[in-house]
Amino acid sequence: CFGFPLSIFFIVINEFCERFSYYGMRAVLTLYFKYFLNWDDNFSTVIYHTFVALCYLTPILGAIVADSWLGKFKTILYLSIVYAVGQTVLSVGSISELSDHNQDGSPDNISLHIALSMIGLILIALGTGGIKPCVSAFGGDQFDDDQEEARSTFFSLFYLSINAGSLLSTIVTPNIRATQCGIHTKQECYPLAFGIPAILMAVALIVFVCGSKMYKKVKPQGNVMLQVCKCIGFAIKNRFRHRSKQFPKREHWLDWASEKYDKRLINQTKMVLKVLFLYIPLPMFWALFDQQGSRWTLQATVMNGDFGIQVQPDQMQIVNPILIVIMVPVVDYLLYPLIKKCKINFTPLKKMTVGMFLASMAFVAAALVQVQIDKTYPVFPAAEQTQIRLMNLGNLPATVQFEPQFQRMDVEPKMATGYMMFKTSELKSLSVASGARNQSHHFADLQGGKRYTFAFKYNGLNIISDVILDNVTSKPEKGNNLIRFINNNDLPVNVSLDYKNSVVLPPFSAGNYSIIPGGDRQYIIKSTTSISSCTVLAKKFGFGSAYTISIDDCTPGILNITYFEDIAPNSVHMAWQIPQYFLLTCGEVVYSVTGLEFSYSQAPSNMKSVLQAGWLLTVAVGNIIVLIVAGASKLSKQWAEYVLFASLLFAVCIIFAIMATFYTYVDPNEIEAQFDEEEKEKDKKNHDHHEKESEADSKM
């Protein structure tokens, strides 16, 4: 079909569905840990990177199993079943109703959900990692030797299917997660967000099985990684046995394997180890790169996602695949030719060094964004401190004097001061002067570590006041807002938001905070008293804010209200993350693509799988570095951690640049050709020797 074996289309569709399943699940994983399993940022990051590391360790196991025992088809089939089961278990584990016996929307037995989630993730890691090295190679097996051009086109289609699956899933699953679903109570829809990837994995499995009769199935021919490991192991063991000075030294320590292994394998292993030595600094790049799905996603949760449409924090990861599609052709067809015209020797190792530098700059950009975010965070009191603010709900200005001998504040009508910090033990009383009245108020039951609002007004006769506990200890999460009402009337009022969850407030009293979703939606506030009923369209609250809304009075049909900002909304826009994504993606393009190309160009053809395993291992080790730093870091500020990672990668970048200067490029094909010539000459000598022996025997 179109010059391709028909089986190829089953493999490409399978890959699209599998990548959709993996990246869709992974996109929402960090927020699932934080908001459903209620883990803190550090622990969520640790578990996320542990999972990613496992996904990049298991490909080595999958390659060995496929090449040595089961073959690629059976390995893909069996591990895809494991993969689909894992996705299903993860989806089931995210259903709160499994243990929500009191039907309050929160799991009563969180350990059950953690256990199911961890089992699911382990199965997913085995599945996705195990089939990773097999699917593309299995696709390549479907072509004959004379179909090189078609095979090359297949790998382009294969890569396109990976990016298409990643791109679509990163759009779809965060939106599904953000929707409300549930049997007893409505909450973020993690079961469906994980369920859709589970369904796609089942589809991938069915599609793969449907093409089984068309596949060309190559029998297992042994895994070269095992041969290389055995060769290295024997050389080390043999060298240790002959460590005495009476044994002459050999040119290279691998030459100690010559008693058991042929010269070709030993020299091929030397070439591979030479490249693998350069891999030692590489994990640090992946330590930064894979934080897109953890730290950067968590950073986006405290930013403004209003792009005209609401963008979810976990959707910002989509910037990377979009920029990849744009930047790869720009770099390959514009930037590299331009550098070549300038006669700059931009070698692969120099490209990789630049990629590392760009990634470190991406984290500097992330740190700068974090500094701006930190400026918007409210400061909450310590255990021995109390915060208080003054709220004048009257129509006349007032002067407030804190006793004993603290500051004096003028408060305009329908205005509030910011929160002021006091030592709880020292805050005794205050006096309010407004109109013709002066009134004192004594604080009796103020608690340390709490915020309070002192609301007051002059009503023409007296000054009435109330101390209101602001029961908020942190900025609202998930971009939600907190809204409460205070009754600034002489009569009780019935207040509702969008005609729901009405609350009756006595005169001059405040209700509790209610959570409303963030975004640009506007709500209708309705106020009803015994003599009037009126409504007003509220303003847009944005993301992550808290407001106290004063219900003042009604003018024919219109409710008059006053907004008091308790916590400012997220003011740093998510668009400010684009520069850090741009720098990191540029780094990925010149680092990752070049790294694989360099590795393949410097290794013998039969050793490419060894380098592929080594490359995947650097990704795994990079994620292990993140979980170690996140678990052990004592840095209290997130921007400082970003700077730490940027500094570490910059230092590694310098080390790698120095290592690269001492590297000598080789042509494996020439070396292989030399071995072929030597073997031919050896065979010829053996043949001539046998002929001479035969002639001598015939003469006798």
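Worth pointing out:
- Scattering profile of segment 203-246 at q = 0.20, 0.24 Å⁻¹ [log10 I(q)/I(0), Debye over alpha-carbon scatterers]: -0.77, -0.85
- Positive-end residue of Phe155, His101, Ile60, charge dipole of segment 43-201 with Cβ unit charges: His101
- Charge context of Ala538, other residues only, Cβ under 11 angstrom, K/R +1, D/E -1: +3
- Within segment 580-595: backbone nitrogen closer than 19 Å to the Tyr333 label point (7 Å, Cα to C-beta): 586, 589-590, 593-594
- Between Thr555 and Gln407, the modelled labels are 3.4 nm apart [label points 7 Å from Cα along Cα→Cβ].
- Positive-end residue, segment 367-417 charge dipole about Cα centroid, Cβ charges, pick of Gln387, Tyr377, Phe402: Tyr377
- The distance separating the Cα centre of segment 23-44 from that of segment 129-194 comes to 20 Å.
- Where the alpha-carbon atoms of segment 318-392 are placed on the principal axes, they occupy 69, 23, 19 Å, in descending order.
- Relative contact order of segment 1-222, defined on C-alpha pairs under 8 angstrom at six or more residues apart (%): 39
- In the context of the full set of protein chains, segment 474-569 has a per residue accessible area of 45 Å² (1.4 Å probe).
- Full-extension gain in nm, Tyr499 to Lys245, via 0.36 nm per residue minus C-alpha separation: 82.3 nm
- Unit charges on C-beta of K, R, D, E only; dipole of segment 474-569, Debye: 300
- Convex hull volume of segment 128-201 per residue (C-alpha atoms, cubic angstrom): 86
- Counting 0.36 nm for each residue step from Ser509 to Asn471 and taking away their Cα separation leaves a gain of 12.2 nm.
- Distance from segment 604-648 to segment 247-284 (C-alpha centre basis), Å: 25
- Using a Förster distance of 51 Å, the FRET efficiency for Val371-Lys219 (Cβ separation, nearest 0.05): 0.30
- On a per residue basis, the convex hull of the C-alpha atoms belonging to segment 243-332 measures out at 185 Å³.
- With a Förster radius of 60 Å applied to the beta-carbon distance between Lys237 and Thr535, the computed FRET efficiency rounds to 0.10.
- Taking all C-alpha pairs of segment 568-667, those more than 22 Å from each other amount to 49 percent.
- Relative contact order computed over segment 377-473 (Cα-Cα under 8 Å; 6+ residues apart), in percent: 33
- Cross-linked pairs Lys74/Lys216; Lys230/Lys680; Lys450/Lys478; Lys423/Lys450; Lys213/Lys608; Lys478/Lys637: Cα-Cα separations exceed 18 Å for Lys230/Lys680; Lys450/Lys478; Lys213/Lys608; Lys478/Lys637.
- Site pair His573 and Phe307 shows an inter-label distance of 1.2 nm when each label is modelled 7 Å from Cα along Cα→Cβ.
- Convex hull of segment 169-268 built on C-alpha atoms - directionally averaged projected area, nm²: 13.9
- Reciprocal of mean inverse Cα separation for segment 377-473 (Kirkwood radius, Å): 13.5
- Stretchable slack from Tyr563 to Phe675, in nm (0.36 nm times residue separation minus alpha-carbon distance): 32.1 nm
- Options Asn459, Leu627, Val12, ranked by Cα towards positive dipole end of the chain, top entry (Cβ charges): Leu627
- Distance between the C-alpha centres of segment 295-354 and segment 449-495: 47 Å, rounded to the whole angstrom.
- Placing dummy labels 7 Å off each Cα toward the beta-carbon, the span from Thr179 to Thr347 is 5.5 nm.
- About the centre of its Cα atoms, segment 1-222 shows a dipole size close to 340 debye [charges on the beta carbon of Lys, Arg (+1) and Asp, Glu (-1) only; nearest 20 debye].
- Hydrophobic, long helices, defined as DSSP H runs whose alpha-carbon span along the helix axis is 24 Å or greater and whose mean Kyte-Doolittle value is at least 0.5, occur in the chain at 7-27, 41-65, 72-93, 110-141, 190-210, 224-241, 348-376, 608-632, 638-661.
- Between Tyr663 and Ala150, the FRET efficiency estimated from the beta carbon spacing at R0 = 41 angstrom works out to 0.70.
- Using only Cα coordinates, the Kirkwood hydrodynamic radius of segment 1-222 works out to 18.2 Å.
- From the C-alpha gyration tensor of segment 474-569, square roots of 5λ in Å: 23, 13, 11
- Note on the chain: with neighbouring protein chains present and a 1.4 Å probe, carbon and sulfur make up 61 percent of its accessible heavy-atom surface.
- All C-alpha to C-alpha distances of the chain, sorted into 10 Å bins beginning at zero, yield P(r) values of 3, 12, 19, 20, 16, 11, 8, 6, 3, 2, 1, 0, 0, 0, 0 percent in whole numbers.
- Using the 1.4 Å probe convention, the accessible area of segment 377-473 works out to 51 Å² per residue with neighbouring protein chains retained.
The values are calculated or read from the model by the stated rules, or taken from the named source; none is laboratory data. Values in this document were obtained by computation on a predicted structure and should not be read as measured data. Note: ideal-geometry Cβ built from the backbone for every residue, glycine included; neighbour counts use all protein chains shown. Only protein heavy atoms, including side chains, enter the accessible area calculation; ligands, DNA and RNA are left aside. Shrake-Rupley method; radii C 1.70, N 1.55, O 1.52, S 1.80 Å.
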